[in-house]
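Visitor: Please see the structure below; I have some questions.
The values are calculated or read from the model by the stated rules, or taken from the named source; none is laboratory data. Predicted model, so just to flag it, every value in this text is computed and none were measured. Methodologically, a virtual Cβ is constructed for each residue, glycine included, from the backbone with ideal geometry; neighbour enumeration extends over all protein chains shown. Side chains are part of the model used for accessible areas, which takes the heavy atoms of the whole protein and leaves out ligands, DNA and RNA. Shrake-Rupley method; radii C 1.70, N 1.55, O 1.52, S 1.80 Å.
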Amino acid sequence: MKDFDAIVIGAGNGGLTAAATLQRGGLKTLLLERHNIPGGCATSFVRGPYEFEVALHQLSGMGTPDKPFILRKLFADLGIMDKVDFVEEPELYRMIIPGIIDITLPASVVGVARTLKQYFPKESRAIDDFLELCKFVTLESIMVLPRARKAVDKEMLRHQGKNFAKYGLKPAQQVFDEFFDDEMIKAVLGAYWGYLGLPLRELSFADMGALFYAYAEFKPYHVIGGSQALSNALLDSFLEAGGEMRFNCAVDKILTESSAVRAVRTEQGDEITCHTIVSNASSLHTYNELLDVSNRVELVREDFKSRRLGVSAFVIYLGLDCTPEQLGVTAATNFIVLTPDDEAVFRRAETLDEPLGCGFTCYNVDDPSFAPEGKSIASLICIQYGDVWKNVAPDDYVNTKYAFAEKLLDLAETVFPNIRSYIEEVEIATPLTMMRYLNTPGGAIYGFDQNRLDSSLFRERYKEIDGLYLAGAWSGMGGFQPTYQAGVSVANSIIRTQIYRDKANV
Amino acid sequence: MSDDVLSVIEGYDQALLDKAKLAAKGTDFTERKGEVAAIIGHLHPKRLSLRVIKVIEETVSTKTLRLEAVGGYLPPFQAGQYINLFVNIEGVNTSRPYAISSSPFERNYYDVTIRRVIEGFVSNYLLDQVHAGMCLQSTGPMGTFYYNPIFHGDDLIFLAGGSGIAPAMSIILDIIHQKRPVRFHLIYGSRNMDDIIFHRELKQLEAENDFLTVTRVISEPSMNYSGKKGFVSTELISELVGSLDDKMFYLCGPSNMYDFCLVELKNSGVPSRKIRVEMNGAPKLPEQLEGWPVGVLSKTIINVTVRGKGRFSAKVGEPLINSLERNGYFVENACRTGECSLCRIKVLSGNVFNAPQARIRFSDRQFGWCHACSAYPVEDIEILI
C-alpha cells in the first residue's frame with residue numbers, strides 16, 4: 001500500500017492544476033512546495049500599502065464569457081471561476097520608440113487592422129493578409145495538426161493545414177519580411193517577442209503568430225488580487241477535493257526501483273511512497289538533481305543536449321504615489337524600445353549594459369483597485385540571462401543590482417518622466433531572485449530557450465522512468481496559459497493510465 | 001525522432017538537422033549540478049549556524065553579541081537588515097529578529113545589539129544566558145528597512161529610540177565606507193544618559209564625519225541634564241533640521257515612539273513615501289487597535305485545533321505564533337511583525353483578528369490565510385499548518 005497515488009513536486013502553475021485535476025479525478029494526491037505559498041511565479045508580495053503582481057502581465061487563453069476559450073473552460077472545470085475575478089483589458093499594448101513612433105493597439109483583430117492602417121497606409125493589404133495568416137496558422141495548429149498526427153495522415157495536414165505546413169516552422173522574422181517592407185510595422189507587430197524570450201529570427205512563426213492572434217482575438221486579462229488569487233483558488237480547489245498540501249517541504253530525492261518511481265524523500269528526511277510523481281520543478285532539477293538514478297536516463301540527457309538555457313528577467317516593482325494619468329500612462333501594457341531592431345535589444349540580455357528595450361505594465365490604467373486611491377503599481381521589466389550574474393561576487397551583488405536598476409529606470413523615464421520622484425516602495429528582482437524563488441538554473445522563467453526546435457513537434461515525453469512526469473515550462477511552452485494547460489493535460493493522461501491499470505487488475 | 005506526417009511542414013527536415021547540430025555542441029547540464037544551491041546559498045541562505053565570539057556590554061540594559069559563521073561564510077546584507085535568532089528556552093523553540101548593528105563591510109562577523117525588554121522572554125535569555133562560545137541558529141539577513149539609493153535621496157533623518165539605534169549604526173558605517181553623498185541626522189531618544197547605546201562610538205563618528213549629525217533626546221533626564229529632552233516631536237525635528245520637505249525619515253524604536261513619531265510626521269504633511277519604518281514586534285495590546293471585535297476580551301481562553309496534529313488552549317490577546325511555539329508547533333517565521341509573510345497559515349474555521357500592521361495579501365485574506373505572528377484567535381479556531 002503506497003502512501004499516495006500521486007505526489008506533485010512544486011505548487012507552481014503546472015503543479016497546482018496537475019494536483020487539483022488528479023485529486024478531483026479520484027487519485028489520492030500530495031502536493032509538496034518548498035516555499036510557504038503556492039504559485040511559483042504566479043504570486044505577489046506586499047510592501048507598505050501595495051501588493052505587487054510578480055509575474056503575470058497579460059493572461060491569454062481566457063476568451064470572453066460569450067466567446068470562451070480554453071483557459072476559461074479549464075478554470076471552470078477546476079471549480080474556480082466563481083472564486084476569482086478577471087479583468088478584460090481593452091488594449092494589447094502601447095509600443096513606443098521615443099521620437100519615432102507611439103502607437104496603441106486595441107485588443108481586437110479588427111481594431112488592430114484599423115489602427116495599423118492609419119499608421120502604415122501603404123501596408124494596408126499586407127496587414128489584412130498577415131492577420132488572416134496568423135488566424136489560420138493558429139487555428140490549424142489547434143484543430144488540424146493534432147488530428148493529423150494522431151491519424152498519421154499526411155494529406156490531412158497538407159490540405160486542411162496548408163498555412164501551418166507552409167509557415168508554421170519558418171522563423172517569424174522571415175514571415176514578417178515576406179509580408180512587410182516597413183521595418184517599423186514589423187517592430188510594432190513583433191513587440192510581444194519578449195513574452196517568448198527570443199528575437200523574431202529565432203522564434204517559429206507558429207509561436208509568434210499564435211501568441212499575437214490569441215491575444216487579439218481572445219483578449220488579454222488580468223486578475224483581481226493578481227495571479228496569487230489564481231494560485232490560492234487552485235490550491236483551494238485541491239484542498240476542497242481532499243488533497244493534502246505541505247509547505248516549506250522541499251523534495252530532496254526521487255526514489256526509484258527498477259526504473260519506476262517508488263517514493264520521494266523530503267528535506268526533512270521523510271520518505272513518502274507513491275505510484276506516480278508529477279514534477280513541476282525544472283526538468284534539469286528533476287533529472288539531474290532529484291532523481292536517484294540520474295545517470296541512467298540516457299534519452300533524457302540526449303534531449304537536454306539540444307536545448308539551451310532560457311532567459312530570466314530583471315524586474316523593478318514600483319509602488320508609485322501618483323495616478324497613471326499623472327505619469328502619462330494610458331495603456332496597461334507598454335513596450336519601450338530605443339530601436340526597431342529586436343536583435344539589438346535582445347543582445348543586451350546577455351550583458352549588464354544599458355537595456356535598449358523594456359516592458360512597463362501598470363494595471364491601474366484599467367483597474368484602479370490595483371493600488372490604494374491615488375496610487376499606482378507598475379512593473380518595469382527587461383529580459384536578461386542569468387549567466388550575466390554568475391560572475392558577480394556576492395559582495396558586489398547589491399550595488400550591481402542598483403546600478404542596473406538605474407539604467408532600466410532611465411530607459412523607462414524616456415517615456416514616463418520622473419518615475420523616481422513618485423516612488424513610495426520599490427523592490428528589485430534580478431535573475432538571481434528568480435533563481436531563488438523558482439529554483440531554476442540561470443533563474444530561467446520560461447524554461448529552455450523557446451526557439452523553433454523547443455516545440456513539441458520535436459520533443460517527446462520522457463519515459464525512461466515509469467511513473468515520472470513533468471508539468472511546466474520545461475516540458476512545453478512557458479508562460480501562464482501553457483503551464484496551466486500542461487498540468488491538466490499530464491494529470492488527465494495519468495488518470496487515464498490509472499483507469500487502464502485498475503481495469504487490468506480487476 | 002522521425003514523424004512522417006510532420007515532414008509535410010516546410011522546414012521540418014531541416015529543423016531536425018539543426019536539432020542534431022545543436023545536440024552535437026550541447027550539454028546535458030550535469031556541469032551545472034548544485035549551481036543554483038551554491039549561488040543562492042551565498043546570497044540568501046535559509047539558515048545560518050552562528051557562534052558567539054564576544055559579548056560586549058554596551059549599557060546596563062544592553063549587550064552586543066558578536067557572531068561568526070560556524071562554517072566560515074556569512075552572506076552579505078544591506079545596512080539596516082536583520083537576522084531572526086532561533087533559541088530554545090525552557091524547552092520552547094522560538095525566535096526574535098534583531099537588526100545587525102555592524103557594518104555590511106565587516107565580513108567576518110555580525111553584531112546584534114540587544115536591549116532588555118522588561119519581562120521579555122527572549123531578550124532576558126540572550127542577555128543573561130548566552131556567552132562566548134555558544135552556538136545559535138538564525139535566518140539569513142532579511143528585511144526591507146535599509147537605505148535605497150534608487151529613491152531615498154541625500155537628506156536622511158533617522159529617528160531612533162532605544163535599541164532602534166542598531167540599524168542606524170550599520171547604515172552610518174555603510175555611508176562612510178561607500179562614501180555615499182548624503183547628509184545623515186540621527187535623532188536618538190533614550191530614557192536617560194546611562195541608557196544611550198553606542199554613546200562613545202557615535203561621538204567619535206560625529207567628530208570624524210561631516211555628513212553626520214547626532215542629537216540625543218532624553219525622556220527622563222536627571223536634574224543637571226541640559227540637552228534635548230522629552231519626546232521626538234515634529235517641533236523638535238523642525239528645530240533641528242529645518243524644513244521637513246525633501247527629506248527621507250527612518251523610524252526605528254519601541255512601538256510607543258513609533259506611534260507618536262509617525263502621527264507627528266504625517267500631521268506635518270510628510271508624505272508616506274518619505275517615511276520608512278521598521279516595526280517592532282506584534283502589538284502588545286491588540287484590544288486597543290482599530291477593528292478589534294467589540295466585547296472580546298484579550299484574557300479570554302479559546303481552543304486552537306491544528307488539523308491532523310492536535311489541540312491546545314490559548315489566550316485571545318496573544319499572537320498565535322507564540323502559543324503555537326509554546327505547544328511545540330513550529331511555523332517558519334522571520335520578522336514577527338506581520339510583514340515578511342513566512343508564518344502564513346490557513347484558518348479553516350473560526351476567526352482571527354489580524355493586526356492592522358500585518359501585510360496580508362488580498363487573496364490570502366479572501367481564502368482565509370493569516371500571518372500567525374500578528375493574528376489573534378478571537379474564538380475557537382481550526383488551522384492548517
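Visitor: Would you mind listing the strands (runs of 3 or more DSSP E) fully within segment B:91-167 where at least 1 residues are assigned by TED's automatic domain parsing to the domain that holds residue B:179 and aromatic (Phe, Trp, Tyr)?
Guide: So the answer is B:155-161.
Visitor: Would you say residue B:7 is over 29 Å from residue A:281 (Cβ atoms), of a type outside the set (Asp, Glu) and within 14 Å of chain A (Cβ to nearest Cβ)?
Guide: Judged against the criteria, residue B:7 is a match.
Visitor: Name the one entry in A:280, A:288, A:295 that is at pLDDT below 95 and either within 28 Å of residue A:478 (Cβ to Cβ) or within 11 Å of chain B (Cβ to nearest Cβ) (or both).
Guide: It is A:295.
Visitor: Something else now. Look at segment B:52-76 and say how many of its residues are farther than 25 Å from residue B:199 by Cβ and either open to solvent by less than 40 Å² (accessible area, probe 1.4 Å) or out of contact with any Ser or Thr (no Cβ under 9 Å at 6 or more places or on another chain) (or both).
Guide: 7
Visitor: Could you tell me which residue of segment A:376-403 is nearest to residue B:153 (Cα to Cα), considering only residues that are in contact (Cβ under 8 Å) with a residue 60 or more places away in the chain and within 11 Å of chain B (Cβ to nearest Cβ)?
Guide: Filtering segment A:376-403 for residues that are in contact (Cβ under 8 Å) with a residue 60 or more places away in the chain and within 11 Å of chain B (Cβ to nearest Cβ), the one nearest to residue B:153 (Cα to Cα) comes out as A:386.
Visitor: Considering only residues that are in contact (Cβ under 8 Å) with a residue 60 or more places away in the chain and either open to solvent by 10 Å² or more (accessible area, probe 1.4 Å) or in the same structural domain as residue A:343 (by TED's automatic domain parsing) (or both), which ones fall in segment A:484-495?
Guide: A:485, A:486, A:488, A:490, A:492, A:495
Visitor: Moving to a separate point now. Return yes when residue B:70 is away from chain A (no Cβ under 14 Å), hydrophobic (A, V, I, L, M, F, W, C) and over 23 Å from residue A:389 (Cβ atoms) and no when it is not.
Guide: yes
Visitor: For segment B:21-37, give me each residue that is open to solvent by less than 60 Å² (accessible area, probe 1.4 Å) and either more than 7 Å from chain A (Cβ to nearest Cβ) or part of a loop (DSSP other than H, G, I, E, B) (or both).
Guide: B:26, B:27, B:28, B:29, B:34, listed by residue number.
Visitor: Moving to a separate point now. Only one of B:325, B:290, B:235, B:264 is open to solvent by 60 Å² or more (accessible area, probe 1.4 Å) and not in a loop (DSSP other than H, G, I, E, B); which?
Guide: Being open to solvent by 60 Å² or more (accessible area, probe 1.4 Å) and not in a loop (DSSP other than H, G, I, E, B) holds for just one of B:325, B:290, B:235, B:264, which is B:235.
Residues checked against (1) within 17 Å of the chain's Cα centre (by Cα); (2) open to solvent by less than 40 Å² (accessible area, probe 1.4 Å); (3) farther than 17 Å from residue B:334 by Cβ; (4) not charged (D, E, K, R):
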| site | (1), (2), (3), (4) |
| --- | --- |
| B:100 | yes, yes, no, yes |
| B:104 | yes, yes, yes, yes |
| B:121 | no, no, yes, yes |
| B:128 | no, no, yes, no |
| B:133 | no, no, yes, yes |
| B:140 | yes, yes, no, yes |
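Visitor: Let me ask you something else. Please state which one of A:425, A:325, A:350 is open to solvent by 10 Å² or more (accessible area, probe 1.4 Å) and either under 18 Å from residue A:44 (Cβ atoms) or among the aliphatic types (A, V, I, L, M) (or both).
Guide: Going through A:425, A:325, A:350 in turn, just one is open to solvent by 10 Å² or more (accessible area, probe 1.4 Å) and either under 18 Å from residue A:44 (Cβ atoms) or among the aliphatic types (A, V, I, L, M) (or both): A:425.
Visitor: Follow-up question, since we're still on this one. So in segment A:431-448, with the set limited to residues that are more than 7 Å from every other protein chain (Cβ to nearest Cβ) and either free of Cβ contacts under 8 Å to residues at least 12 places away in the same chain or open to solvent by 20 Å² or more (accessible area, probe 1.4 Å) (or both), which one is nearest to the chain's Cα centre (by Cα)?
Guide: Top of the filtered list is A:446.
Visitor: For segment A:224-239: of the residues being in contact with a Lys or Arg (Cβ under 9 Å, 6 or more places away or on another chain) and more than 9 Å from chain B (Cβ to nearest Cβ), which is surrounded by the fewest Cβ atoms within 10 Å (Cβ to Cβ)?
Guide: A:237
Visitor: Follow-up question, since we're still on this one. What tally of residues in segment A:201-214 results from selecting those that are buried (at least 24 other Cβ atoms within 10 Å of the Cβ) and under 18 Å from residue A:95 (Cβ atoms)?
Guide: Residues that pass the stated criteria total 4.
Visitor: Counting only residues that are in contact with a Leu (Cβ under 9 Å, 6 or more places away or on another chain) and not basic (Lys, Arg), give me the strands (runs of 3 or more DSSP E) lying completely in segment A:10-86 with at least 2 of them.
Guide: A:29-32, A:50-53
Visitor: Which one of the conditions (1) open to solvent by 40 Å² or more (accessible area, probe 1.4 Å); (2) at pLDDT 90 or above does residue B:196 fail to meet, given that it meets all the rest?
Guide: (1)
Visitor: Just one of the numbered conditions (1) in contact with a helix residue (DSSP H, G or I) (Cβ under 6 Å, 6 or more places away or on another chain); (2) in a strand (DSSP E or B); (3) open to solvent by 10 Å² or more (accessible area, probe 1.4 Å) is not true of residue A:104; which one?
Guide: Condition (1) is where residue A:104 drops out.
Visitor: Could you grab me the full set of residues in segment A:140-156 that are aliphatic (A, V, I, L, M), crowded, with 17+ Cβ neighbours inside 10 Å and under 18 Å from residue A:207 (Cα atoms)?
Guide: Matches in segment A:140-156: A:144, A:145.
Visitor: Then there's this: Just to check your reading of the model, which residue among A:68, A:49 is more than 14 Å from every other protein chain (Cβ to nearest Cβ) and surrounded by fewer than 24 Cβ atoms within 10 Å (Cβ to Cβ)?
Guide: Checking each option against the conditions leaves just A:68.
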